[in-house]
Amino acid sequence: MNFKDKIYFSDIDNILEDFGKRRIDDTIAEFKSQCPDIEDLLSAFANQDERYSTADLLTTITNRILQGTNLKIEGVLGSPSNKEVAHFLYSIGFLTARRDNPDGSYDHISFDMEPTLLKSRTNIDQGVSWEIHPVFRQALRLKNIQTKQQAKHAKKRKV
């Protein structure tokens with residue numbers, strides 16, 4: 001393969017934001033009947049982290065969504081809990097479960113693969129963390145967890 005034939009991230013970076021915006025628009029159009037405030041729900045994650053522990057995800061949903069809206073989700077009686085909102089976001093593909101493996105690799109788990117995550121009253125996450133699907137990250141200007149950790153370690157070295 002010729003060096004000039006390689007595609008680099010910088011080659012596609014400038015179109016990812018527009019693509020992500022179109023995916024957000026498509027998601028809103030597809031799921032607005034199930035959650036009339038889906039646009040507010042998705043935009044609540046703008047400028048936030050791209051990855052969460054279950055506890056952090058539920059806290060973020062409580063603080064950024066449930067306290068400021070009168071959210072309704074089809075099939076949920078009354079106001080949804082933070083866990084019900086998280087499960088909805090997982091079911092529509094906005095969130096993906098992430099299982100870190102001992103060798104440093106990780107697996108993504110979609111709703112189709114494990115629909116019971118965030119549904120159980122016990123062991124709601126089976127040890128996974130949560131990521132906002134990569135297609136939405138540029139459009140929402142999410143904070144990359146690795147970049148954030150590197151900056152934190154660099155700051156500690158300076159002190």
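The values are calculated or read from the model by the stated rules, or taken from the named source; none is laboratory data. From a predicted model like this one, the values you see are computed outputs, not experimental measurements. Using ideal geometry, Cβ is built from the backbone for each residue, glycine included, and neighbour counts are taken over all protein chains shown. All accessible areas refer to the heavy atoms of the entire protein, side chains included, with ligands and DNA or RNA removed. Shrake-Rupley method; radii C 1.70, N 1.55, O 1.52, S 1.80 Å.
Points to keep in mind about this one:
- Full extension of the chain between Asn144 and Asp107 gives 11.5 nm of extra length, using 0.36 nm per residue less the Cα-Cα distance.
- Region 25-125: equivalent-ellipsoid semi-axes (sqrt of 5 x gyration tensor eigenvalues, Cα, Å): 23, 15, 14
- Proximal charge balance of Ser120 [Cβ under 15 Å; K/R count +1, D/E count -1]: 0
- Under 13 Å from the Glu114 label point (7 Å along Cα→beta-carbon), backbone N, region 76-94: none
- Phi angles of region 46-57 translate, via the Karplus equation with coefficients 6.51, -1.76, 1.60 and θ = phi - 60°, into HN-Hα couplings of 4, 6, 9, 6, 8, 9, 9, 6, 4, 4, 5, 4 Hz per residue; Gly and Pro are given as x.
- Summed residue charge, Cβ within 14 Å of Cys35's Cβ, Lys/Arg positive, Asp/Glu negative: -4
- Phe45 sits among other residues whose Cβ lies under 13 Å from its own Cβ, and their net charge, with Lys and Arg +1 and Asp and Glu -1, is -1.
- Percent carbon-and-sulfur accessible area, region 1-118, ignoring ligands, DNA and RNA, probe 1.4 Å: 50 percent
- Measuring nothing but how far apart in sequence close Cα pairs (under 8 Å, 6+ apart) lie, relative to its length, region 64-133 scores a relative contact order of 29 percent.
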